[in-house]
Amino acid sequence: MFLNPLKMSLILKKVCSVQIAFQVLVKALVSMDPGDDTEFLKKQFQEFMAGLMSLPINIPGSRLHKSLQA
């Protein structure tokens, strides 16, 4: 399935705006500049958010288990 340029542009804008918003929040809340630590924090936050939308079964390897570990 191919997306037309308008849809691709909207997706790119959304991704960029989410990244900018995350960087601004990290800077404001934790006083951390963008870098490797910010990327690690971003990955941990994404894992945590994915775990919130998972089945509430804490089995090693499950989404919830990974979220709780983060």
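Details
- Pair list, Cβ < 8 Å and 6+ apart or interchain, from the range 5-21 residues that are modelled with pLDDT of 80 or more to residues that are surrounded by 10 or more Cβ atoms within 10 Å (Cβ to Cβ) and aliphatic (A, V, I, L, M): ILE11/LEU3
- Restricting attention to the range 3-59, the residues that are among the polar types (S, T, N, Q), assigned to a helix (DSSP H, G or I) and loosely packed, with under 10 Cβ neighbours inside 10 Å total 0.
- The range 22-42, residues that are under 12 Å from the mean Cα position of the chain (by Cα) and without any contact (Cβ under 8 Å) to a residue 12 or more places away in the chain: GLU39, PHE40
- In the range 1-58, residue nearest to GLN69 (Cα to Cα) [restricted to those that are touching a helix residue (DSSP H, G or I) at 6+ places or on another chain (Cβ under 7 Å) and aromatic (Phe, Trp, Tyr)]: PHE48
The values are calculated or read from the model by the stated rules, or taken from the named source; none is laboratory data. Everything quoted here is computed from the prediction, not taken from an experiment. Using ideal geometry, Cβ is built from the backbone for each residue, glycine included, and neighbour counts are taken over all protein chains shown.
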